[in-house]
Amino acid sequence: MDAYELLTRNAEEVVTDEEVRDLAEDPAGKRAYVGYEPSGVLHLGHLLTANKLIDLQDAGMEVVVLLADVHAYLNEKGTFEEIRDTAEQMKAQFLAYGLDEAQTEFVYGSEFQLEEEYTLDLHHLERETTMNRAQRAMAEIQGDETAKVSHLVYPLMQTLDIEYLDLDLAVGGLDQRKVHMLAREKLPELDYDVRPAIHTPIVADLTSGEGKMSSSEGISISMEDSTEELEEKVNSAFCPPTREPEDDLENPVLELFEYHVFPRFEEVVVERPDKYGGDLTYEGYEDLAEDLDSGELHPADAKGTLASYLDELIAPGREKLRELRS
Ligand code: NAL
């Protein structure tokens, strides 16, 4: 796979394609980031962007993982102490998941966001940004809560971080796109460079195939799940025998194969007794999706297989969590 393909595969949006093409010409040593508000247990949402980071590392890029402790504080995720503890656990799980330690830099936001120069730059950005503009950038991250001043500062800090971490590429879920658009608009106003962004899709809710899967609503899968819990969740997932369910729904089982399993495994084997046609082996997502669509692959077999591959993916992180908590 060439560098451009590694950078952009499974991305929902690339801003702009031309800038990412330029980056792909010579990716070695270039720096990409993802930022995460620390939350104790990694779930599939985190792992989706982590898969993209692994792609970027395979293309030779360096990856900065921002453990956004100050952002989590702004977003009322706990006391600062609690957030720092949680961030430590999160880092250990990312390494267990397969981020390459030699090519990954973990940075706490508080390491640089409380410095004088940063603070003054932040105030500069506050002067350059209307409340309306900042609020719009934050809408998808903040959810339905009443906007506080902290919610306006949040996207401005995220904007500045892109400059302060000396990054060549911003990566995030599609829910980060408005912040990245704000950053593209505002960084030049402070005489800083514009950076391209790559956004990963938001996977549909497992049980309904609607909207987005998150830890707060519906069922999500995390590194905390036992093999049995994982099987149960996947078994209860919405999986019509088609790749394109009606009414704007998605097939979340197929999405998990596409975004979580195939990027990390060379091939996927569906084990079936001979009387049901024997094993099926897939080297890519398309073939599996086609077989589900045609009826060759039964949803129940797809689910069983998905559960066992996801289990393999989360097992090292689950083990790490157990170690940290014992
Ligand atoms: C991501 C988050 C917070 C701060 C960042 C700073 C720079 C780059 C990425 C960042 C977390 C993200 C979330 N906004 O919703 O989890």
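Which of the residues belonging to region 178-198 are more than 12 Å from the ligand (Cβ to nearest atom) and among the β-branched types (Val, Ile, Thr)?
Val194, Ile198
Find the residue count for region 88-105, including only residues that are crowded, with 19+ Cβ neighbours inside 10 Å, more than 15 Å from the chain's Cα centre (by Cα) and within 15 Å of the ligand (Cβ to nearest atom).
Residues meeting the conditions: 0.
Could you check region 33-87 and list, in sequence order, the residues that are in contact with a Lys or Arg (Cβ under 8 Å, 6 or more places away or on another chain), among the hydrophobic types (A, V, I, L, M, F, W, C) and either within 25 Å of Leu256 (Cβ to Cβ) or within 13 Å of the ligand (Cβ to nearest atom) (or both)?
Val34, Ile54, Val63, Val64, Val65, Leu67, Ile83
Name the single residue, out of those in region 139-156 being buried (at least 23 other Cβ atoms within 10 Å of the Cβ) and within 9 Å of the ligand (Cβ to nearest atom), that is nearest to Leu56 (Cα to Cα).
Here the residue is Pro155.
Against the definition (of a type outside the set (Phe, Trp, Tyr) and either outside any loop (DSSP other than H, G, I, E, B) or surrounded by fewer than 13 Cβ atoms within 10 Å (Cβ to Cβ) (or both)), how does Glu224 come out, yes or no?
No: the conditions fail for Glu224.
For residues in region 252-276 being of a type in the set (Asp, Glu) and over 17 Å from Pro299 (Cα atoms), which is surrounded by the most Cβ atoms within 10 Å (Cβ to Cβ)?
Glu267
Test each condition in (1) modelled with pLDDT of 95 or more; (2) out of contact with any helix residue (DSSP H, G or I) (no Cβ under 6 Å at 6 or more places or on another chain); (3) within 15 Å of the ligand (Cβ to nearest atom); (4) more than 28 Å from His260 (Cα to Cα) for Asp166 and report the one that comes out false.
(1)
Within region 20-63, restricting attention to residues that are among the β-branched types (Val, Ile, Thr) and within 17 Å of the chain's Cα centre (by Cα), which residue is farthest from Leu167 (Cα to Cα)?
Among those that are among the β-branched types (Val, Ile, Thr) and within 17 Å of the chain's Cα centre (by Cα), it is Val41.
The values are calculated or read from the model by the stated rules, or taken from the named source; none is laboratory data. Note that this is a predicted model, so its numbers are computed, not measured. Positions of Cβ are generated from backbone atoms using ideal geometry, with glycine treated the same way; all protein chains shown enter the neighbour counts.
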